[in-house]
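Reviewing the structure listed below.
The values are calculated or read from the model by the stated rules, or taken from the named source; none is laboratory data. Remember, it's a predicted structure, so these values are computed and weren't measured experimentally. Cβ sites come from the backbone with ideal geometry, for glycine too, and all protein chains shown count toward neighbours. Side chains included, ligands, DNA and RNA excluded: accessible areas come from the protein's heavy atoms. Shrake-Rupley method; radii C 1.70, N 1.55, O 1.52, S 1.80 Å.
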Amino acid sequence: MIPKPVLTAIFTITPPLFAAITGLVFFKNVRKQYIFLFAFVVFATFTEIALNLYVKFVAKETRPTLHFYILIEFFLLSFFYLRFLNPLIRKNIFLLVVILFEAICIVNVAFIQGLFVYPNFVRAFESLILLVFGLIFFYKVMIEANVKKLSAEPMIWFNTAIIIYFSTNF
C-alpha cells in the first residue's frame, strides 16, 4: 500500500508537472499571447514541487509561502489577461489595478494579517478581480463574435477554468 503523503504528493505534483513538460516540449509553438500563462504553469509546478519537498524535509507550515504565491500568481494571470482585454480595459487602468493589488498584498502581510495567517482577504480580492477579468473576456467574445467554434478556441477553455477555480475561493 502506498503511504498517504506519497499519494498526496503524486496527485498535487503530476498535473502541473505534466502541463509544464508539455509546454516545454512545445514551447516554440506557444503563441505569444499565452506566454504569461505558460510562465504561470511553470511557476505553479516549481512551487508544488518545492512545497512538497519543504513539508517532507523542513517544516509542516507553508502559509508564509502562500502570500508570495498569490502576489506572483496575480501578476502572471493579470498580464495574461492584458493581452486579451487591451481594447476594453485601457492599459494604464489595468496596470493601476495590478499595482494596487500588489501593494495591498504587501500591506496585508506587513500590517494586517501577518506572514503566518492564511491570506483570506487578498485571496478573495484576487479571486474577485480575476473573475471580473474572465467575465470581461467573455463579454468581449460575445460582442466581437469572431470565434466561429467556441470549443476549438483555447482561450475559452483557459478562461472557463480560471473562472471556475477562482469562483470557489470566496
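Filter segment 70-86 down to the residues that are surrounded by fewer than 17 Cβ atoms within 10 Å (Cβ to Cβ) and either touching a residue at least 12 places away in the same chain (Cβ under 8 Å) or of a type in the set (Val, Ile, Thr) (or both) and list them by number. Working first, answer last.
Here is the first cut: in segment 70-86, the ones surrounded by fewer than 17 Cβ atoms within 10 Å (Cβ to Cβ) are 72, 83, 86.
Within segment 70-86, ILE72, ARG83 meet the criteria.
Quick one: would you say ILE99 is surrounded by fewer than 13 Cβ atoms within 10 Å (Cβ to Cβ) and among the hydrophobic types (A, V, I, L, M, F, W, C)? Give the derivation first.
On the way: surrounded by fewer than 13 Cβ atoms within 10 Å (Cβ to Cβ): yes; among the hydrophobic types (A, V, I, L, M, F, W, C): yes.
Judged against the criteria, ILE99 is a match.
For segment 8-20, check the following and say yes or no: at least one residue is at pLDDT 90 or above, open to solvent by 30 Å² or more (accessible area, probe 1.4 Å), closer than 30 Å to ILE136 by Cβ and of a type in the set (Gly, Ala, Ser).
No - not one qualifying residue is present in segment 8-20.
Among the numbered criteria (1) farther than 17 Å from ILE129 by Cβ; (2) modelled with pLDDT of 90 or more; (3) in contact with a helix residue (DSSP H, G or I) (Cβ under 7 Å, 6 or more places away or on another chain), which one does PHE68 miss?
(3)
What number goes with the only condition from (1) under 14 Å from ILE70 (Cα atoms); (2) open to solvent by 60 Å² or more (accessible area, probe 1.4 Å) that ASN169 does not pass?
(2)
Could you list, in sequence order, all residues of segment 55-65 that are open to solvent by 40 Å² or more (accessible area, probe 1.4 Å), within 21 Å of the chain's Cα centre (by Cα) and not charged (D, E, K, R)? Show your work before the answer.
Here is the first cut: in segment 55-65, the ones open to solvent by 40 Å² or more (accessible area, probe 1.4 Å) are 55-58, 60-63, 65.
Right, trim to within 21 Å of the chain's Cα centre (by Cα) and you get 62-63, 65.
Selection gives THR62, THR65.
Can you report the number of residues in segment 110-124 which are hydrophobic (A, V, I, L, M, F, W, C), open to solvent by less than 80 Å² (accessible area, probe 1.4 Å) and within 19 Å of the chain's Cα centre (by Cα)?
2
Would you confirm, using the coordinates I've provided, whether PHE137 is open to solvent by less than 50 Å² (accessible area, probe 1.4 Å), in contact with a Ser or Thr (Cβ under 8 Å, 6 or more places away or on another chain) and of a type in the set (A, V, I, L, M, F, W, C)?
Details: open to solvent by less than 50 Å² (accessible area, probe 1.4 Å): yes; in contact with a Ser or Thr (Cβ under 8 Å, 6 or more places away or on another chain): no; of a type in the set (A, V, I, L, M, F, W, C): yes.
Criteria not met by PHE137.
If you check ALA145 against the conditions, is it at pLDDT 90 or above, surrounded by fewer than 16 Cβ atoms within 10 Å (Cβ to Cβ) and small (Gly, Ala, Ser)? Break it down stepwise before answering.
Values: at pLDDT 90 or above: no; surrounded by fewer than 16 Cβ atoms within 10 Å (Cβ to Cβ): yes; small (Gly, Ala, Ser): yes.
No; evaluated as a whole, the condition is false for this residue.
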